[in-house]
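No value in this document is a laboratory result; all are computed from the given coordinates. From a predicted model like this one, the values you see are computed outputs, not experimental measurements. Every residue, glycine as well, gets a Cβ built from its backbone with ideal geometry; the counts of neighbours run over all protein chains shown.
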Amino acid sequence: MKNAFHVMLIPTLGCPGSCKYCWSSEEGSPIMPIETIHEVVEWLKDFRNDRVTFTFHGGEPLLAGADFYREALPLLSEGLSHLTPEFALQTNLWRLTPELAEILAEYHVPIGSSIDGPEELNDYQRGEGYFEKCMRGYEIARAHGLQVRFICTFTCHSVEYKEDIFNFFLKNGFDLKLHPALPSLRDRNPEKWALAPEKYGELLVYLLDQALEHMGEIEVMNINDLCRAVFTRRGTVCTFVDCMGSTFAVGPDGSIYPCYRFVGMPEYVMGNVSDRPSLEDLSRSDAWKLMHRFKEYVDWVCSECPHITYCRGGCPYNAIAPTGGEIRGVDPHCGAYRRILDEITERLNREMYESAGMRPGGSRARRRRNAKPGVMDLVHRIVLS
Ligand code: SF4
Ligand code: SF4
């Protein structure tokens, strides 16, 4: 699990891919100079005292090249050793070379990549040739002992093939993390690929059933996170905690933002690493104030929701970016969160009653031997094992 303090480094907003639902820009976008990493080290030396995770994100972060990582990783690791930095990288793997893989392996950098299912379906959404290039990088990563996990973006198109997609991940031995396609902020038809909240909710329930049926064969990361959150009553991924103040992103020019999703949007710049702002300095920025107004809004508007402590209104970016910075509601995926959180809660309560020999009405019951695994079994696996 990631540390509570998370800094995302965005070496470039450029990307060689052309996924149809993506907001990123063309390959020629500026690249972060190594001096900015020096500035990051100086900025964070006295910023906070807790352990930090650095995630290289983009755009496509490998466009920064091997020399960048050869310098950046030791600079961060040694310059901030008191924060015991850990690293992660989110990449489409196209530009992974054996040279880069060696550097990443030296610093035990786990990789998150993206694939949307079988080749034909994937390339329909992500562009001709994506699958093959990604798998080529995957082989290099594996040959160097790097851990790779795939995020699968479900769109309104691909959700109709959810069985094929799940079976693809299962058959290939890949764990599954899903991401719902969001309305594009840069498209004339923003909803074209977006996954509607009702469909997203149904998909999560389907994946819950699949995760239980195939327990031990595949991990569905979102389902694990959601079950853990309901059981412990605490969110553990950024969407389900108050991310403001513990997550930051640094853009290619050293600008500091609340999260990678805001990078490139000037109205969300909180400061610049070259000025070495303190937490207090950042708290005076408009972006910080807006994020905190969202937190207060959630406390008010979600106050009657039984899931508020481990949902926290979802992702503030999803809520405020599409409205140009106005807080008009919580994360539009609220309906999906509510659907799956209700489902997990009901199943957990029922199973707990049953295992205690009681039914909700008070009558005795006994759990069947050889019963299919339930949510409680999954919770045992992920929380108590
Ligand atoms: S804005 Fe959304 S994606 Fe970004 S850190 Fe917060 S919850 Fe996560
Ligand atoms: S499920 Fe919806 S209402 Fe409940 S806390 Fe989350 S966003 Fe708020």
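One table, with the values for the structure above:
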item: Pairs of lysines in the chain (C-alpha under 16 Å apart; 8 or more residues apart or interchain); result: 5
item: Calculated log₁₀ intensity ratio I(q)/I(0) where the Debye formula runs over C-alpha points of the chain, q = 0.07, 0.08, 0.11, 0.15 Å⁻¹; result: -0.33, -0.43, -0.83, -1.54
item: Difference of contour (0.36 nm per residue) and Cα-Cα distance, His292 to Gln147; result: 48.7 nm
item: Signed unit charges on C-beta, dipole axis of the chain, positive-most listed residue Ile10, Tyr257, His380; result: His380
item: Cα pair distances in segment 117-169, grouped into 5 Å bins until the bin that holds the longest one, percent each; result: 4, 19, 27, 23, 15, 9, 2, 0
item: Of the trypsin sites (Lys or Arg not before Pro) in segment 184-262, those whose Cβ has at most 14 other Cβ within 10 Å and which sit in DSSP loop; result: Arg186, Arg188, Arg233, Arg234
item: Relative contact order [Cα under 8 Å, 6+ residues apart], segment 221-316, whole percent; result: 29
item: Length-normalised contact order for the chain - Cα pairs under 8 Å, 6+ apart - percent; result: 16
item: Farthest toward positive dipole pole in the chain [+1 Lys/Arg, -1 Asp/Glu at C-beta], among Cys134, Thr309, Gly79; result: Thr309
item: Longest exposed-site-free window of the chain, the sites being GluC sites (Glu not before Pro) in a DSSP loop that have at most 14 other C-beta atoms within 10 Å; result: 28-127
